Amino acid sequence: MLSKKINVGIVGATGLVGEKVLKILEERKFPVNKLSLFSSKRSEGQKILFASEEIEVSALSKDSFKNLDIAFFAIEENLAKEWIPLARKECIVIDKSSAFRLDEEVPLVIPEVNPEKIKEHKNLISNPNCTTIPLVVVLAPLYKAFGLKRVVVSSFQSVSGAGKDAVNELLYETEVIAYGDKIKKDSDSFFSSPIAANIIPQIGSIDKQGYASEERKIIEETRKILELPELPISATCVRVPVLVGHCEAVNIEFDVNIKVDDVMKVLKSASGIKVYPDNKYPMPIDVEEKDDVHVARIRKDIAFEHGIALWLAADNLRKGAATNAVQIAEEILKTRGEK
């Protein structure tokens, strides 16, 4: 057990990921000495309960990070770029945004996959995308066992991955439909199209090659974490009308001929993975508030000579974000000898 208590800050404490970080710190009995919570000015003064103590939320200032040991950042990319350079002068930052993930000098870490990279930090460690994390948790042990030739992934991502406004929009639109009314979009809408009773095959802006920014994140982050810069990988990301839980259909081609039983054996022995028996499979409702990546429908991919197809699901707010960040913090303490 980690024993030496440290001072912890959460930036974006009133958002979905920030709230989940709070919950997981308490669940895992992380050794918090003093907890500081930060958010936008509209949330300033709000009180949040942590370990039976009410803690008041403060607005960020240039002095917010003094006397902190670790700061969890769960805010938008543009704000992360503004505040993290200040924060990392005072403490170690674990950042959930995409702001620094592909920076060569910033470790991009999944503790089950590349914990050794934490030692390379210069007071900043990036948390991967909420879809990249479960994908790479599965790919990493398979790559080690069989090599990787090609990966194709289609993701089905819940609205919570886009934040509270997206969740509220789905709930509102669902209520409108339930009353038999038609959804009317306006300038305040989070999504450009209705999300209730619908799916949107675009997450983020589209580039010149036709790929959305979410798809680029999966591609480039997977390559960086696995240290396979030339890995052939393609992604299609779809927003679905689900509150919590991201799912992915993954097709993997290996360097060698493999059997389904071999793949299942590797995944069952890997950390952070739950493998389902034949004819059982995880859905979003099955993985909510769970930390493992749930894998099922493992089968030979008849389109690839050495291919396997599988299905995975994970709680995007926990392992896809907050749990991974807290695990990184735990590893930091271990590398400092604070067990």
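What follows draws every value from the coordinates through simple rules; no lab data is involved. All of these numbers come straight from a predicted model, not from anything done at the bench. All Cβ positions, even for glycine, are placed from backbone atoms using ideal geometry, and neighbour counts span all protein chains on display.
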* Karplus-derived HN-Hα couplings along the stretch 241-252 (A = 6.51, B = -1.76, C = 1.60, θ = phi - 60°), whole Hz, x at Gly and Pro -> x, 10, 6, 9, x, 9, 10, 9, 9, 10, 10, 10
* Structure fact -> Residue-normalised 222 nm signal for the chain, counting each DSSP H run of n ≥ 4 as -39,500 (n - 2.57), nearest 500 deg cm²/dmol, is -8500 deg cm²/dmol
* Structure fact -> With GLU104 itself left out, Lys, Arg at +1 and Asp, Glu at -1 over residues whose Cβ is under 14 Å from its Cβ give -1
* Which of the lysines could be linked to LYS4 by a straight reach, that is with a Cα gap under 18 Å, when you skip same-chain ones fewer than 8 residues away? -> LYS29, LYS34, LYS334, LYS339
* What is the Cα centroid distance between the stretch 254-285 and the stretch 57-71, reported in whole angstrom? -> 42
* **Karplus-derived HN-Hα couplings along the stretch 21-27 (A = 6.51, B = -1.76, C = 1.60, θ = phi - 60°), whole Hz, x at Gly and Pro** => 4, 4, 4, 6, 4, 6, 4
* Structure fact -> DSSP beta bridges in the stretch 1-92: the antiparallel percent, rounded to 5, is 25
* With θ set to phi - 60°, apply the Karplus curve 6.51 cos²θ - 1.76 cosθ + 1.60 along the stretch 259-266 and write out the HN-Hα couplings as whole Hz, x wherever there is a Gly or Pro. => 10, 4, 4, 5, 5, 4, 4, 5
* To do: List the relative contact order of the stretch 8-150 as a percent without decimals, with contacts defined as Cα pairs under 8 Å and 6+ residues apart.
  => 18
* Structure fact -> Least to most buried among GLU27, GLU104, by other C-beta atoms within 10 Å and fewest first, runs GLU104, GLU27
* **About the Cα centre, charge dipole magnitude for the chain (Lys/Arg +1, Asp/Glu -1 at Cβ), debye** => 580
* **Under 14 Å, Cβ to Cβ, from LYS265 - net charge with Lys/Arg +1 and Asp/Glu -1** => +1
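Exposure proxy check: ILE206, ILE225 ranked by fewest other beta carbons within 10 Å? Don't skip to the end; give the middle numbers.
Working: ILE206 11, ILE225 24.
Least to most surrounded, the residues fall as ILE206, ILE225.
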* Structure fact -> Set LYS23/LYS182; LYS217/LYS280; LYS185/LYS224; LYS41/LYS117; LYS47/LYS81, cut-off 32 Å on Cα-Cα distance; pairs above it are LYS23/LYS182; LYS185/LYS224; LYS41/LYS117
* Structure fact -> Ranked from fewest to most other Cβ atoms within 10 Å of their own Cβ, SER271, SER126, SER97, SER52 fall in the order SER52, SER271, SER97, SER126
* Asked: Taking K and R as +1 and D and E as -1, what net charge do the other residues with C-beta under 13 Å from the C-beta of VAL250 add up to?
  -> 0
* To do: Would you look at the GNM of the chain, springs on alpha carbons closer than 10 Å, and say which of GLN327, GLN157, GLN209 moves the most?
  => GLN209
